[in-house]
Amino acid sequence: MGKELSKSISKRLYVMINMKKILLFGLISILIASIVIAAGAGEASGQGRGMNRPDMGVTEKSQAIGTDPGQDALTDEEIAGLKLMREEEKLARDVYMVLYNEWNLLIFNNIANSEQTHTDAVKILLDVHSIEDPVITDEPGVFANQELQTLYDDLVNQGSVSLLEALIVGATVEDLDIFDLNELIAQTENQDILLVYNNLIKGSRNHMRSFIEQIENNDGTYTAQFIEQSELDEIVSSSQERGAILDENSNIIPGFSSELSRQQGQRRMLQPGNYQVSGGKGINVQQQANRMVIQAGGISVDCPLCSEMTQERLQNGTQFYAKLSNGRNAEIKIMPDTASQTALQRLNLRNCTDDCSIELKEANVGDQVRAVYNFQAQRNSKVFGIFNAKMQVQAQVDAETGEVIQVNKPWWAFLAVEPEE
């Protein structure tokens, strides 16, 4: 991708923001006296972990600060910036997922997981400020912003040429992120937005260092396409950044406020205990030896996904999210008893006996990774209606939608009679 083409793409990405700025300048000048943008609050007293760290979730507990009521009053420029970064971080995740599948190089998978954290962080701000989410589907490679859609297609095509080109694509994505975040940071004084943006840009600088190292290991070079070459040189010559984000006065930038956390809830790692989900249904999570089990409505499900699951307590009940290998957080909307009933009906069984097992696990369905309930049972049958035989049957139920994904029976099932049990 040439430098002039890259700058042209970035320029087009900002047309919407700049046009709104021009059209609304007069109105903002009149209303500015009544719009209070929080420039800061109480200082935090300790250090947390930056969002770029792969072991940090977006809702990890951080230092509490007071919240100025005016902080909810965002400008159109700030709103447009949040929407842009929500999709741009998703673009980074989606591109890296494709390149990992193409080249099986771990750097793409690791950074894709980090980008998932980044886009989730922006989503929190969108929800708190009641801003419409531009990501209408989490399907990889699908974007509402058509400029980003075109950019995604171009980058994937470029990254399929060779491993070196794929690594250059990675550096290009981080180059664009740093350029855009520099612009957006300069446009806001909102502390919650600055917290997120400063963590995102630190993550992008770390990602850039990693990609440049890999490019050079593969006898290649990378030239800045969006940021200035001097800024790129400074990033590459510096060490990986760790720890809390600091402001220009070397003070720790405060974390999400306690009020922000109360509005949005906090996702935490799933722990054993009793939970209530939407609709008033109760479920129980147990740790049994080296495995976790979910119980609901008298149905017990082994849960290999539970070690990577998080939970968020909201007003209408607890929501559960399973971290999948592609970095996506799948919301577990279907509870074990509902999934079991669906599978039993499809397999023409009355109940799940000793010869039956259910697991909540990850499964590859076509080119997608899904969280599924995997139901396996042994049932009685009569081959040709005469000879007794045990038949192994299996059904998979999507944990997000309740859809029966597949039903498997032995090849000779068509020769057997399967009475309802």
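The values are calculated or read from the model by the stated rules, or taken from the named source; none is laboratory data. No experiment lies behind these values; they were computed from the predicted model shown. In this analysis, Cβ positions are derived from the backbone assuming ideal geometry, glycine residues included, and neighbour counts consider all displayed protein chains. For accessibility, only protein heavy atoms count, side chains too; no ligands or nucleic acids. Shrake-Rupley method; radii C 1.70, N 1.55, O 1.52, S 1.80 Å.
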| query | For Met269 and Ala389 in one chain, what is 0.36 nm times their gap in residues minus the Cα-Cα distance, to one decimal in nm? | reply | 38.8 nm
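What ranking do 112-120, 281-289 get when scored by the average of other Cβ atoms within 10 Å per residue, highest first? All intermediate terms of the calculation are to be shown ahead of the outcome.
Numbers: 112-120: 23.3, 281-289: 13.8.
Those peptides, ordered most packed to least, come out 112-120, 281-289.
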| message | Quick check: pseudo-label points 7 Å beyond the Cα along Cα→Cβ at Thr150 and Lys281, how many nm apart are they? | response | 4.6 nm
| said: How far apart, in nanometres, would the label points at Lys333 and Ile185 be if each is projected 7 angstrom from Cα along the Cα-to-Cβ direction? | reply: 3.8 nm
| field | Ordering of 328-338, 214-224, 298-308 by burial proxy (mean other Cβ atoms within 10 Å per residue, highest first) | value | 328-338, 298-308, 214-224
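In debye, nearest 20: dipole of the range 104-251 around its Cα centre with unit charges on the Cβ of K, R (+) and D, E (-)? Display every interim value, and only then the final one.
Numbers: 5 positive and 28 negative charges, 85 e Å.
Computed about the Cα centre, the dipole is about 400 debye.
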| said: If I model a spin label at Trp412 and Glu216 as a point 7 Å from the Cα along the Cα→Cβ vector, what separation in nanometres do I get? | reply: 6.5 nm
| query | Given the protein chains as shown and a 1.4 Å probe, how many square angstrom of Ser130 are accessible, to the nearest 10? | reply | 100 Å²
| remark: Which of Lys83/Lys361; Lys90/Lys202; Lys90/Lys409 exceed 27 Å between C-alpha atoms? The answer is Lys83/Lys361; Lys90/Lys409
| request: Using a 1.4 Å probe over the heavy atoms of the protein chains, calculate the carbon and sulfur portion of the accessible area of the range 266-359 as a whole percent. | output: 40 percent
